[in-house]
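**Q** Input: one structure, supplied below.
The values are calculated or read from the model by the stated rules, or taken from the named source; none is laboratory data. If you're wondering where the values come from, they're calculated on a predicted model, not measured in any experiment. Here the Cβ positions follow ideal geometry from the backbone for every residue, glycine too, while neighbour counts run over all protein chains shown.
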(Lines give C-alpha, C1' and ligand atoms only; values in the text may rest on other atoms or scores of the structure.)
Protein backbone atom coordinates (compact mmCIF):
# COMPACT_ATOMS: atom_id res chain seq x y z
CA UNK A 1 0.00 0.00 0.00
CA UNK A 2 1.30 3.37 -1.03
CA UNK A 3 1.00 6.36 1.20
CA UNK A 4 -0.04 9.40 -0.80
CA UNK A 5 -0.10 12.82 0.63
CA UNK A 6 -2.13 15.63 -0.82
CA UNK A 7 -1.04 19.18 -0.41
CA UNK A 8 -3.20 22.17 -0.89
CA UNK A 9 -1.71 25.22 -2.44
CA UNK A 10 -3.13 28.55 -1.60
CA UNK A 11 -2.49 31.14 -4.20
CA UNK A 12 -2.43 34.75 -3.14
CA UNK A 13 -4.98 36.72 -5.07
CA UNK A 14 -3.76 40.27 -5.63
CA UNK A 15 -6.01 42.76 -3.91
CA UNK A 16 -7.53 45.40 -6.16
CA UNK A 17 -6.31 48.87 -5.19
CA UNK A 18 -8.95 51.14 -3.67
CA UNK A 19 -10.49 53.50 -6.17
CA UNK A 20 -11.18 57.22 -5.85
CA UNK A 21 -13.72 59.43 -7.58
CA UNK A 22 -12.74 62.71 -9.22
CA UNK A 23 -15.55 65.23 -8.70
CA UNK A 24 -16.14 68.47 -10.58
CA UNK A 25 -17.60 71.17 -8.33
CA UNK A 26 -19.86 73.79 -9.85
CA UNK A 27 -19.03 77.47 -9.68
CA UNK A 28 -20.80 80.42 -11.27
CA UNK A 29 -17.69 82.05 -12.73
CA UNK A 30 -15.79 79.55 -14.90
CA UNK A 31 -17.03 79.67 -18.51
CA UNK A 32 -18.71 76.48 -19.67
CA UNK A 33 -16.51 76.19 -22.75
CA UNK A 34 -13.40 76.35 -20.57
CA UNK A 35 -14.72 73.56 -18.32
CA UNK A 36 -15.43 71.42 -21.40
CA UNK A 37 -11.91 72.08 -22.72
CA UNK A 38 -10.36 70.98 -19.38
CA UNK A 39 -12.53 67.85 -19.22
CA UNK A 40 -11.55 66.89 -22.76
CA UNK A 41 -7.86 67.57 -22.17
CA UNK A 42 -7.28 66.10 -18.72
CA UNK A 43 -9.89 63.34 -18.66
CA UNK A 44 -9.96 62.47 -22.38
CA UNK A 45 -13.73 62.90 -22.61
CA UNK A 46 -15.45 63.43 -25.93
CA UNK A 47 -17.11 66.78 -26.60
CA UNK A 48 -20.53 65.29 -25.81
CA UNK A 49 -19.37 63.55 -22.62
CA UNK A 50 -17.61 66.70 -21.40
CA UNK A 51 -20.70 68.85 -22.00
CA UNK A 52 -22.89 66.31 -20.19
CA UNK A 53 -20.56 66.24 -17.16
CA UNK A 54 -20.34 70.04 -17.10
CA UNK A 55 -24.12 70.44 -17.27
CA UNK A 56 -24.68 67.81 -14.55
CA UNK A 57 -22.28 69.67 -12.25
CA UNK A 58 -24.01 72.95 -13.14
CA UNK A 59 -27.47 71.57 -12.29
CA UNK A 60 -26.60 69.45 -9.25
CA UNK A 61 -23.63 71.31 -7.80
CA UNK A 62 -21.14 68.49 -8.45
CA UNK A 63 -20.56 65.57 -10.80
CA UNK A 64 -18.28 62.53 -10.79
CA UNK A 65 -15.93 62.84 -13.75
CA UNK A 66 -14.24 59.45 -13.41
CA UNK A 67 -12.98 56.75 -11.05
CA UNK A 68 -9.28 55.96 -10.83
CA UNK A 69 -6.64 54.67 -8.44
CA UNK A 70 -5.87 57.23 -5.73
CA UNK A 71 -2.65 58.52 -7.27
CA UNK A 72 -4.14 58.99 -10.73
CA UNK A 73 -7.31 60.60 -9.34
CA UNK A 74 -5.33 63.08 -7.25
CA UNK A 75 -3.03 63.94 -10.16
CA UNK A 76 -5.91 64.52 -12.57
CA UNK A 77 -7.86 66.60 -10.03
CA UNK A 78 -4.80 68.72 -9.25
CA UNK A 79 -3.91 69.25 -12.92
CA UNK A 80 -7.47 70.23 -13.83
CA UNK A 81 -7.81 72.60 -10.87
CA UNK A 82 -4.45 74.20 -11.67
CA UNK A 83 -5.52 74.73 -15.29
CA UNK A 84 -8.44 76.76 -13.99
CA UNK A 85 -6.26 78.76 -11.60
CA UNK A 86 -3.74 79.58 -14.34
CA UNK A 87 -6.60 80.93 -16.46
CA UNK A 88 -7.92 82.94 -13.50
CA UNK A 89 -10.98 80.80 -12.77
CA UNK A 90 -12.12 79.12 -9.51
CA UNK A 91 -12.58 75.77 -11.30
CA UNK A 92 -12.28 73.03 -8.66
CA UNK A 93 -11.95 69.26 -8.81
CA UNK A 94 -11.78 67.12 -5.67
CA UNK A 95 -11.29 63.43 -4.95
CA UNK A 96 -12.92 61.05 -2.51
CA UNK A 97 -12.76 57.30 -1.95
CA UNK A 98 -15.26 55.23 -3.85
CA UNK A 99 -17.57 53.35 -1.50
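**Q** Could you run through region 31-67 and say how many residues are touching a helix residue (DSSP H, G or I) at 6+ places or on another chain (Cβ under 7 Å) and loosely packed, with under 15 Cβ neighbours inside 10 Å?
**A** Qualifying residue count, region 31-67: 2.
**Q** Here's a follow-up. Looking at this structure, is residue 7 more than 17 Å from residue 66 (Cβ to Cβ) and either at pLDDT 95 or above or in a helix (DSSP H, G or I) (or both)?
**A** no
**Q** Would it be correct to say that residue 22 is touching a residue at least 12 places away in the same chain (Cβ under 8 Å), in a helix (DSSP H, G or I) and touching a helix residue (DSSP H, G or I) at 6+ places or on another chain (Cβ under 7 Å)?
**A** no
**Q** Restricting to region 68-82, count the residues that are closer than 14 Å to residue 42 by Cα and either more than 9 Å from the chain's Cα centre (by Cα) or surrounded by 17 or more Cβ atoms within 10 Å (Cβ to Cβ) (or both).
**A** The total comes to 10.
**Q** What are the residues in region 83-99 that are surrounded by fewer than 17 Cβ atoms within 10 Å (Cβ to Cβ) and within 17 Å of residue 54 (Cα to Cα), if any?
**A** Result: 90, 94.
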